[in-house]
1. Which residues, counting only those in the range B:169-188, are open to solvent by 60 Å² or more (accessible area, probe 1.4 Å) and of a type in the set (D, E)?
2. Which of the numbered conditions does C:I41 fail, given that it passes all the others? Conditions: (1) within 14 Å of chain D (Cβ to nearest Cβ); (2) modelled with pLDDT of 95 or more; (3) open to solvent by less than 10 Å² (accessible area, probe 1.4 Å).
3. Could you tell me whether the range D:152-168 includes any residue that is over 27 Å from D:E17 (Cβ atoms), open to solvent by less than 20 Å² (accessible area, probe 1.4 Å) and in a helix (DSSP H, G or I)?
4. Filtering the range D:194-207 down to residues that are of a type in the set (A, V, I, L, M, F, W, C) and either open to solvent by 10 Å² or more (accessible area, probe 1.4 Å) or touching a helix residue (DSSP H, G or I) at 6+ places or on another chain (Cβ under 6 Å) (or both), which residue is modelled with the lowest pLDDT?
5. Take the residues of the range B:289-318 that are within 10 Å of another protein chain (Cβ to nearest Cβ) and charged (D, E, K, R): which is nearest to B:V150 (Cα to Cα)?
6. For the range D:143-176, enumerate the residues that are in contact (Cβ under 8 Å) with a residue 12 or more places away in the chain and polar (S, T, N, Q).
7. Filter the range C:81-100 down to the residues that are at pLDDT 85 or above and either of a type in the set (A, V, I, L, M, F, W, C) or touching a helix residue (DSSP H, G or I) at 6+ places or on another chain (Cβ under 8 Å) (or both) and list them by number.
Number of protein chains: 4
Amino acid sequence: MSGSIYGKLFSISTWGESHGPGIGVVVDGCPAGLSMNEDIIQAYLNRRKPGQTPYSTPRKEGDRVSILSGVFEGFTTGTPISLIVYNENQRSSDYSEIAGYYRPGQADFTYDAKYGFRDYRGSGRASGRETIGRVAAGAIAKSILKELGVEVCAYTKAIGPISINYNNCSKDNILKNPFSMPDMNAAQEAEAYLIKKMEEEDSVGGLIECLITGLPAGIGEPVFEKLDAVLARGLMSIGAIKGVEIGDGFKVATYSGSENNDSLFYDEKLGIVKSSNHAGGILGGISDGSEIVLRAAVKPTPSIAKTQKTINKNNENIEINIKGRHDPIIVPRAVVVVEAMAAITLVDYLFQNMTSRMDRVKEFYKK
Amino acid sequence: MSGSIYGKLFSISTWGESHGPGIGVVVDGCPAGLSMNEDIIQAYLNRRKPGQTPYSTPRKEGDRVSILSGVFEGFTTGTPISLIVYNENQRSSDYSEIAGYYRPGQADFTYDAKYGFRDYRGSGRASGRETIGRVAAGAIAKSILKELGVEVCAYTKAIGPISINYNNCSKDNILKNPFSMPDMNAAQEAEAYLIKKMEEEDSVGGLIECLITGLPAGIGEPVFEKLDAVLARGLMSIGAIKGVEIGDGFKVATYSGSENNDSLFYDEKLGIVKSSNHAGGILGGISDGSEIVLRAAVKPTPSIAKTQKTINKNNENIEINIKGRHDPIIVPRAVVVVEAMAAITLVDYLFQNMTSRMDRVKEFYKK
Amino acid sequence: MSGSIYGKLFSISTWGESHGPGIGVVVDGCPAGLSMNEDIIQAYLNRRKPGQTPYSTPRKEGDRVSILSGVFEGFTTGTPISLIVYNENQRSSDYSEIAGYYRPGQADFTYDAKYGFRDYRGSGRASGRETIGRVAAGAIAKSILKELGVEVCAYTKAIGPISINYNNCSKDNILKNPFSMPDMNAAQEAEAYLIKKMEEEDSVGGLIECLITGLPAGIGEPVFEKLDAVLARGLMSIGAIKGVEIGDGFKVATYSGSENNDSLFYDEKLGIVKSSNHAGGILGGISDGSEIVLRAAVKPTPSIAKTQKTINKNNENIEINIKGRHDPIIVPRAVVVVEAMAAITLVDYLFQNMTSRMDRVKEFYKK
Amino acid sequence: MSGSIYGKLFSISTWGESHGPGIGVVVDGCPAGLSMNEDIIQAYLNRRKPGQTPYSTPRKEGDRVSILSGVFEGFTTGTPISLIVYNENQRSSDYSEIAGYYRPGQADFTYDAKYGFRDYRGSGRASGRETIGRVAAGAIAKSILKELGVEVCAYTKAIGPISINYNNCSKDNILKNPFSMPDMNAAQEAEAYLIKKMEEEDSVGGLIECLITGLPAGIGEPVFEKLDAVLARGLMSIGAIKGVEIGDGFKVATYSGSENNDSLFYDEKLGIVKSSNHAGGILGGISDGSEIVLRAAVKPTPSIAKTQKTINKNNENIEINIKGRHDPIIVPRAVVVVEAMAAITLVDYLFQNMTSRMDRVKEFYKK
């Protein structure tokens, strides 16, 4: 058990159910002396918030974060940092009916199978709100990465059949539309498409892409903690993600070796450069200093208003319509979670890499 | 550091370079009383062996495994099991030339960046031979799974553009052709295709699929040790794998919710059944008792005879031709490694699940 | 870093400083279906409370615990349990002076050395209040142990030169005097002794003894997670503890083998019995089914009113008198912490032992 | 399970039984670029060897170590280092009789209770030979510590009633007598005493002391990985150790605070100095830069020739005489194991401390 702890040197321990008193995280292993305050974390947490589209849910989520430990006079102390967001506006009566059956595509059935029963209000621990802890911790991770010149940027690459056009993209656009897309045209098309999905009482999936720049070469711990392997686990642990790939990902299955190999060459001005980046910045599980490109596939929201068949707890076959308004898409909200998980993972492996070489350890401790 | 240990209750610790004295693994946490001997492990290890195709490499790899501890009078004792395969026939002179430059698509560059230097013979720790330890441990994991009624079966789903036809498949075929394909027709096409690739002095990638049957519902530890997340990490840690997906994987990005949700229904004879399995057997990170379907994308062999550009250690731009005969494809050899990693991971999580419910723990310890 | 997480299957993650908003713990890995509520935890936490002696500190500590997650309708859900105690009545002005120097016997100097600075209010993370999280988690651990028929009982064995008389002891007395002693006479003597120490502006140390009964044989994971080794670490991690021993402990250094060996014999009524228990219930790092006896040495309270020499942050030699009233002894408050750490550790190893034998694992999963 | 792995960044994974093919260890996390070879490790391993006293056992143990991976051209590569010592001269027939009963003071009974059966040859995994892996790994750890200016020195402080006289001690003496004592007079007395014990067909215990010098301040990870706590666990995991203390240890139970507190003062030439060292060099679980003093109590050898009572596997009460010649004392052989465990632990925590401060991490990664 104890599956809610993540990380070896930089660890996060998340807790909380959608309808309990609150949701939070304890970050253990953050170095002392990092500038930190609630505003920094709040700003990042706000990227989770819905409410900016015509169809989005009326559940207003304030989600104000409090720092309960580990920060003193504006700086981290090196001791565990406890963050909490108190749940408000979660009306249990919204969900009382679902206690008796298993919603298709949700974790109701599997939680019952594992634990014998479940907190049926909302999705309990399986709720999307569980990501609050991850994102709050992600804000701290991003601050550390910033100190080290590393940037992580995730965005929506596709919503259903609508993909971004790379010639039309800018990082600045990501926060300017409710779909976290770097391409404003695609965002417009996506909106129209999603309104249609809502009318059909349905939902759709999508793709999230994550770029990591400025990561030095050498990060990753072969063989079981290769950087791509641990990033894959971090991303796949986010609810609704059904696939993770790096670089050209699944396309390499049909490439030839001559197409796929990235050549190195030396340029007088730029230093060591790669002719291409099919590998996505990681070779042998270790970063090579170039841009890392990850991609995650997100399934459609399981909660749809359409009539669905399922069983209830007495094993009777029934039909249900899930009440309430639900987002027809998870992707835009998951973007910041992908970014947070990548950031948290990178910090842990930047830390672990510090002991790779005896000469560097000796230099660190020279008296 | 210490990235060569995998698992929490059932742990494996691998070691060894392609041109060192040997390669091995220590399996810690195997319960006592499991029937075990070298033949069981050797049989599984033999599935790694090349040498059955017209083009395969002349490097004869005997790879005989020895059990050095943890087994007594034919049964595991509950103490660590140390397995070793001594390296033979690894001629260092084959590789002396590559010490001076970085082969494209290999880990030469990144290992140098991380450690300051590397064992340049073959690929050292980054060699495919590193998987010997994983597969040997996988044999033990599969024995445990067999006792628990769980089966893991991996096979080649595609080689380059050649895919298997599910109407033409049988598990029995997997070991009957050198491509680990369950479809003999596809295997024939693949052979022709690969001979062509060899003539072009090139290589190709492919897809591996892995089915898990008989796993009870309830396995997986939310949120960071969800079963799909840990399986993804296990598979992605295998060299040459660039993507992992579960169920319908990346396709779900374009599904609608009504298409993607699997409905449950109750059948008098079969019990609880799913109408479909887009989820691939895992919901909310926990197994639901149905078949688990995983897929991994394998990149083409980086070592090709074709001329390639790269740099040497003095940052000079050069051209190279990698000598020696190399397999034009990694996929068939990686199949058993995928299966082994899945098996090892499943054992660890079957173990961890035993403490999910207080009533089951109490029953275990009732006096 | 990340030294605030303890346990493998049953994990606790503590956080909080003496003068921050609160102190807490996240318990991860508690099985589902255990009856749990705030009263159970509060009752255990109250054993930390001072205020029952003539000399005890006037700092009134209410310390009310709240459960923020992981419990639903009176039972644990199997998800992380977050517990919090909000700090009240901690006046920062009490401590502002000590920011500039290092109190002898406290962690001021070492925290500064490690982190570059420290939260100087009280003892920050090094404060005795940090144990709130451990004791709260200990309440949950004790509930689990109760379900399994295991009891943990710690008490004060000695305060300075005053030892309990085993002929005069009863478990019922432990909560009936402010020194957690099972011998009421010794408690009276201790009180007189401590009043004297207060008048001398000094403090004294003592011994805590901990008995574990009902633990089945077979618990402990050789070789590095032997039960005595992990209990030693758990106890030694409590502030002020400078030694841990098991069974006859340090006395065995002068025993002969014939004196020290405990013989087994078989009794018709009692079954397998030991003739003595010099080993303290653990052999080869594994419990043998008899009573486990641990002992911890506690140093005197460092904070005394007496004048002491030290240095300030400018490396000037100064003299100080620590203001405020401080307990002349730590021992009675540490008793419940010792008990909690032992309980938490035992739960983790009772869990880990469940996979020791293949036949038991197979029985658990028989379909 | 999996209790044979120790360490977080610098990990060791030991394996092997006294009568299996061999005993070994895999060291994972050793930085690259450390000068290493078999001679360095062999020299340290030789300190385990008996055979230098009138009474010592005739079992000749050659114990030659081989490096199987992780070292290339005289330097560690940063990949796992596998070390093996092949067992020779272990005659199973010596032990066939004990299969049927439980030797008092040994782990026979507890291993049977845990695993259902045991490797009865010698003590299997519970054998003192298991320490070969620890000591071999300890040699590597000591090499790392040497690079960092840290020294670990363990020795016998007492054998039964015979203690060393600190006025008569010199480190150079430790390897000059078969009792690992720094006081040659005490060594002579000990020899006479032990010959007497042999004649009585008995054995005796003792004390081991370990000094750590040159460790910088700041090492240790509060709260659960305090340096004293993790050292206690490391030492207590060694067979036959029944107590661990630091600084003045159990004596502090009777000290007053004014006696126990170590004062800091500033000296022009020496810098920050302590007036005393009752704390043993660790405060709040973190090293303070002064000498660390640990002590471990070792029980007498359980295997004595004297007649002892016990039970056999059919629960019949019997009397036994353990045949063969056994050392009447464990202490001298355990000295190097204590030193090795301390060294291995220190390396892990020197590594973990490197991420304590943001400014140091930033400095490490400055481009």
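1. Result: B:D172, single match.
2. (1)
3. No, the range D:152-168 has no match at all.
4. The qualifying residue modelled with the lowest pLDDT is D:M198.
5. B:R295
6. D:S143, D:T156, D:S163, D:N165, D:N168, D:S170, D:N173
7. Of everything in the range C:81-100, those that are at pLDDT 85 or above and either of a type in the set (A, V, I, L, M, F, W, C) or touching a helix residue (DSSP H, G or I) at 6+ places or on another chain (Cβ under 8 Å) (or both) turn out to be C:I81, C:L83, C:I84, C:V85, C:N87.
Yes/no matrix, rows are residues, columns are (1) in a helix (DSSP H, G or I); (2) at negative phi; (3) β-branched (V, I, T); (4) at pLDDT 95 or above:
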{"position": "B:W15", "(1), (2), (3), (4)": "no, yes, no, yes"}
{"position": "B:S18", "(1), (2), (3), (4)": "no, yes, no, no"}
{"position": "B:V25", "(1), (2), (3), (4)": "no, yes, yes, yes"}
{"position": "B:C30", "(1), (2), (3), (4)": "no, yes, no, yes"}
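The values are calculated or read from the model by the stated rules, or taken from the named source; none is laboratory data. Everything quoted here is computed from the prediction, not taken from an experiment. Quick reminder, even Gly has a Cβ in these numbers, built from the backbone with ideal geometry, and neighbours come from all protein chains shown. All accessible areas refer to the heavy atoms of the entire protein, side chains included, with ligands and DNA or RNA removed. Shrake-Rupley method; radii C 1.70, N 1.55, O 1.52, S 1.80 Å.
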